[in-house]
1. Using the beta-carbon distance between residue A:316 and residue A:163 and R0 = 56 Å, what value does 1/(1 + (r/R0)^6) give for FRET efficiency, to the nearest 0.05?
2. Round to a whole angstrom and tell me the spacing of the C-alpha centers of the range B:121-166 and the range A:174-230.
3. Hey, what's the protein assembly as shown come to in accessible area per residue, 1.4 Å probe, Å²?
4. In whole Hz, with x marking every Gly and Pro, tabulate ³J(HN,Hα) for the range B:327-344 from phi via Karplus 6.51 cos²θ - 1.76 cosθ + 1.60, θ = phi - 60°.
5. Roughly how tilted is helix A:3-17, in degrees to the nearest 10 and between 0 and 90, from the longest Cα axis of chain A?
6. Need one number: nm distance between label points at residue A:83 and residue A:67, each 7 Å from Cα along Cα→Cβ, rounded to one decimal.
7. Which of these, A:108, A:85, A:26, has the largest mean-square fluctuation under a Gaussian network model of chain A (Cα springs below 10 Å)?
8. Need one word for chain B: rounded, prolate or oblate. Basis is the Cα gyration tensor (sqrt eigenvalues a ≥ b ≥ c); a/c below 1.5 gives rounded, then a/b vs b/c decides.
Amino acid sequence: MSARRWSMGLVIAAMCGGGVARAQDSQFSIAGLGTPGRLESVRSRSTGGAFAAFDPESPFTDAALVDLRNATATAAQGASFRDVSTPGSSTWLRTTRFPVLSLGGPLSNRLVVGVSFSTYLDQTYDAVTRDSQLLRGTMQPFNNSISSDGGVTDVRLAAALRIGSRLAVGLGFHDLAGSTRQNATRIYDDTTDYVTVVQTGTVTYSGWGISGGAILRILPTAAIAVFARQDQALHSHVGDSLVATNNLPATYGGALMLTPEPTLRIAGSVDWQSWSRTGAGAFNTMAWSAGLEIGRTTPLRIGVRGDQLPFGPGTSAPTETGVAVGTSTTLAKGHGVIDVGLERLSRSGSGLQEEVWTLLVGVTVRP
Amino acid sequence: MPRPPVRAAALVVLIALACTNDISAPGVCPQFCPLGSLTVIDTLLAAISRDSAYGRPQGYVNPGLSLTLLAASEPGIKDSRPIMLMPALPTRLVLEDTTTAPVIGVDSIVLAVTITSRDTLVTNLALSVYALPLSIDSTTTFTGLAPAFAAPPIRTVNVNSLLATPAYNNPATGDSAILDTVYHRVTLLINFDSAQVPYSVPDTGKLAFGIRVGADQPTDLSLGGLLNYGLGPSITAYLKVDSLGLGVAHRRTPLGFGTPSFNTFVFNPPPPPLDSTLVVGGVPATRSILRITFPRIIRDSQQIARATLELIPAVLPQGVASDSFDLVTQAVLVDLGAKSALDPIHVDTTRIYITPMDTVRIEMTNLMRFWAADTTAPTAIVLRQAPEGGNFAELRMFASSTTAYRPMLHLTYSPSFPFGQR
């Protein structure tokens, strides 16, 4: 099967999903700004995110772009199956998302630029509640539904510069944009006397941020990365009205990658984000990941991660742990790469439990 | 590189998974629910103003133009009698071929009247037909016809008895009936002989009839009127024609002949005049117009789940059970007071029964939502009876000038949801 046909398959899949880039959503973030997206390609996500700081196809660090030897385009798709459990109830949810799209290539031997579109915050949910209200002397049962579809997209324009043979630095500008279409619906059981109430609003978002980082090859078989990012306030508008302004977090992190053998790569990373700046009910988060990649043409990738979710009702941040596996194959003499991965996440906090299976498919094209 | 079957299977899985999306889950509130909630408020608004009634003494539909002729025998409440002026009979009819001969008399006449509504529970329901002077017109009054109705009726038909006969036919009198079981109408074919309706040469056979209804109980009924296509009164005359010395021939009037040139009904007591209340219905037919002040805060940014117009009756509706009627709330296309043009699309209807009631409630949710969507539409409504002029029952309700019992708008609405606020 040719790379062209694979690409056609991805296009068909995108048409079915019909959405822009988004990450998987979570019930934990309904009351907050949203679920932070993962700025990781399928390759990096299959290692638990451990390789993201060194992956030029992941819009995670800017300096990693320097490893792009050719013009490269990457897209990722994830189909998630999520079990949301509370005491007494369990619901399976399904979503399909396209969390990352990146383009980049070298301008010279030392300078590489790239642009990427990825999910910054996902606000896709539909919370249905059952209640009743005393109206005109009679209790009227009803169903309430508050739904949202959309999120904040991170459009990054970045450049990386190789300085000498061991050091690379990168700088990125992030435009935060996007919108959510929200619906609030109340359906009374007595549809004869009471008309269904449906209110619809479109919230648009704007903001920006900057990021920078460096990768230093400390040994022929070892490299370290440091990165930082500062996002400014996120402004929410309904029509022409500014309805909310929320500070966005700063991000600091570091990563280590070892290559003891040409066919074995091991990496680990850690980062911290100051989500508590965004307002009440938000927490600073710490995330770590570790993973390895074995082989070259059809590698095996394995990774684990531990994370915290920035929004939750309790006094501490909900936690998230995950494992992932994946592989890839090259097509058309290396002009195309198909990455597949399977991720299992477990989230818990304040009596709510989420178990998520995500099937990941990525396509990389190097013309 | 995977083998072709593996790659094909992977592509199928990819496409299948791409089309999946189900995000609806039970909300665990307030911990895991969106900030803000959809609230619904139920409130009474004194939003009616500049309300008034129109239609007396000249109504929107007057007796002579009503689709129905009302007959009532409700002692102490209402006495109503349909009257009709039949056309002149032909002076010549075809005898043979193209030869015509003069009409010299009447053999018999059949008067057809259709009862469009009646109280089926009354016993001995009877229609009495009276001969009236040929001078009746739209100015004729109940009192003016009192002498004619004081005379003995020329025919009386017991409707219950006739409907109890085989095939609804009474050979003794020549009367018959046609029963419409779908619309519950009864068409009576009342037979008159030449002695009961003598042929008057000077009047060219013109006849004027008056009808009274009677029963063991107070009752009323409606007869189809001249304007009620196919249901109005008519006569079929069987005439005597001079056969040019060969005896007397009998000929029937042509088809299409026999509809009255005029019909109406007279009643007593006369309709009460309009006062400070909102009057709807009756004869002549009245309407009330109400202007509604739609609060801008609701009109511009809220969603209406239910809207009910509540009016307090000033006088209980009078009549018998069969007088129940539809009360129609209709938007106006343009507010011109009594002559406002009615919107045929935005209409709400409530059935009014002749029974004690404390409040008249009219659902007008659709109308209010229409006004919320079209802010250029005049927020005025007209209350009217349906059908107009076909029922003596009328509603009198307190107007906004009576503060304690003024009309109210009962609104159930949802304020704007705070989208985007955190």
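1. On the way: r = 42 Å, r/R0 = 0.74.
Plugging the Cβ-Cβ distance into 1/(1 + (r/R0)^6) gives 0.85.
2. Each part's Cα centre sits 83 Å from the other's.
3. Working: 33500 Å² over 789 residues.
Ligands and nucleic acids excluded, the result is 42 Å² per residue.
4. Listing the rounded values in order: 9, 9, 9, 10, 5, 9, 6, 8, 8, 10, x, 4, 9, 4, 7, 8, 7, x Hz.
5. 20 degrees
6. Output for this residue pair reads 3.6 nm.
7. A:108
8. Details: a/c = 3.12, a/b = 1.94, b/c = 1.60.
Verdict is prolate for chain B.
The values are calculated or read from the model by the stated rules, or taken from the named source; none is laboratory data. In this text the structure is predicted, and so the values were computed from the model without any measurement. Quick reminder, even Gly has a Cβ in these numbers, built from the backbone with ideal geometry, and neighbours come from all protein chains shown. Quick note on the areas: whole protein, heavy atoms, side chains included, nothing else; ligands and nucleic acids left out. Shrake-Rupley method; radii C 1.70, N 1.55, O 1.52, S 1.80 Å.
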